[in-house]
Structures are given as structure tokens and as C-alpha cells.
Amino acid sequence: MRKSVPLLGAFLLAGAVAALEAAEAAASRAKATPHPDVIDDLVAANRILSDQGVVDGFGHVSVRHDTDPTRFLLARSMAPGLVSANDILEFDLDGNAFEPRGRTLYVERFIHSEIYKAHPDIKAVVHSHSPSIIPFGVTDVPLRPIYHMSSFLGAGVPVFEIREAGGAATDMLIRDPVLGAAVARKLGGSAVVLMRGHGNVVVGQSIEQVVFRAIYTEINAKLQAEALRLGRGEVAFLNAEEAANATATNNLVLGRPWELWKQQAFRPR
Ligand SMILES: [Zn+2]
């Protein structure tokens, strides 16, 4: 009897360790609750981008998780203008949702997962079909910073050609991690990458910054097209120094337009 006590103890200990390991494994697959402000800001970003005409029924915005950088937050598949806190899901960097509970996921979530995987400094991503940028993805006219508000374009705006990564017969969507990784590579160190015949991806260090950039990318495209129509010669774009300096200045005042856009997006209609 005495001999069986240590044996029993070892047995119980082994059982306890196994249970603990199982619980830890389950916890690692469970949701890591983000700060409520992050959810609120992501909901606001969805509503603002819709209100400002950057997204319509399509397009999406995500943010990297505030406590776990291997995760990000993105709405279930729906129109951004209708997103509420309950629609926000948590994803890993392979694009798998935690606790999807039968909800449909955006087909193009791999744009987000692969950009977060490839670029640890990026904290927020917008994908849209922002209409005015489309011509710049299908012609040889590069999108360039025409004024100080869009100075972040000074880092260059590459164009992603899906035929190079997915062949000549895709449906143009970024449907898998391979295509998502190709978009992330083409983005490089830029703030914006255009997608030929499709839309664009805008990245930033915060939700406020990525929303600012997505809105001013659309405005820049409109203004640049207008300048190209008006001008008889060269258009004077910001040079590299002007672009870098204006970006540093703008980064100090991102909160001002954010508050305005937020109020406009949530105003009663
Ligand atoms: Zn798309």
C-alpha cells in the first residue's frame, strides 16, 4: 500500500500536467480579448471609409491585435458601412478565424494576413476598390503625391500585376496566401500598392493613419487626373524631401480629421 502512494502521486501529477498542456493548447487557439477601444476604432474606420466613398459594398479594413502581434482583427464578410462591434472577428496570420461560428469570411482576407506576416511594422491595412485610383493601375501613369496631404505617396506606388503571381485566368481576387504574399512583396516599403484592374491596398502604423491615407489616396488620384488634363506640360509633384517632411507634419495631426470623419460617419440620417 505504501509503495502505491508515490505511484499514485506520479500518476496524478502526470494527469495534471497533461490537462494543463491541453488547456494551454486550447487557450492558444482561443480569442485574445483586444482592448475595447481597438474594436470601437475599427468599427469607426469601417463606417468612415464607407461615408467618405473609399469603400462601398466591398472593401475592408483591419488592425493588428493590440496584445498579440500574430493576430489581427477584421469584420466578417459584409458591407463596411454596416459593421458593428459584434461583427469583428480575430484571425491568425494564415487567415484562419478564431470562433467564426458559421459566419462568412472575406475571400480576400489573405491580403491582410500576408501583409501582417511580411511587414511586422504595419499595424493597419485597408483594401478598397477606391474608384479614382483604378486608371493609375491600368496605364503607365504612376500615382504621385500632388499635394502635401498625400505626401505619403512619395515612397512610391508600385502596381501589382496578378498575372505574374496567379497566371492569366484568375478572377482578379486575392483568394489564397500565395497571392496575398505576392501583394505583400510588391508593397515593399511603400504606403500604397495599386492592383491592376482591381483596386489598392493602403497600410499604416495605426487605424487613424491608414484611414487618413486611404482617403487621401483617393483624393490624390482625382486631383492628379485633373492636373494631367489641365496641364500642357509637366505636373509639379512633391519632391522626396517635401514628401518626407510633409508626412512627418501630417502624422502629428491625424486625430483632427479622424474626429470629424467619425462624427460625420455616425451622424443620424
Ligand atoms: Zn478586392
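Annotations
- Where a residue in the range 101-123 is touching a residue at least 12 places away in the same chain (Cβ under 8 Å) and its partner, wherever it lies, is of a type in the set (A, V, I, L, M) and open to solvent by 80 Å² or more (accessible area, probe 1.4 Å), with Cβ under 9 Å and at least six apart: F110/V178; E114/V178
- Residues located in the range 172-230, provided they are away from the ligand (no atom under 16 Å from the Cβ) and without any contact (Cβ under 8 Å) to a residue 60 or more places away in the chain: V178, G188, G189, S190, A191, F212, E226, R229, L230
- Scanning the range 115-128 for residues that are closer than 11 Å to F72 by Cβ and within 16 Å of the ligand (Cβ to nearest atom) gives I115, V125.
- Sole exception among (1) exposed (fewer than 15 other Cβ atoms within 10 Å of the Cβ); (2) away from the ligand (no atom under 16 Å from the Cβ); (3) more than 16 Å from the chain's Cα centre (by Cα) for G57, by number: (2)
- Taken together, the residues in the range 137-159 that are more than 28 Å from P69 (Cα to Cα) and within 16 Å of the ligand (Cβ to nearest atom) amount to 2.
- Where E234 falls short, out of the listed (1) over 20 Å from the mean Cα position of the chain (by Cα); (2) open to solvent by 60 Å² or more (accessible area, probe 1.4 Å); (3) within 14 Å of S151 (Cα to Cα): (3)
The values are calculated or read from the model by the stated rules, or taken from the named source; none is laboratory data. Every value quoted in this text rests on a predicted model; they were computed, and no experiment measured them. Because the Cβ atoms are built from the backbone with ideal geometry, glycine has one as well, and the counts that use them run over all protein chains shown. Quick note on the areas: whole protein, heavy atoms, side chains included, nothing else; ligands and nucleic acids left out. Shrake-Rupley method; radii C 1.70, N 1.55, O 1.52, S 1.80 Å.
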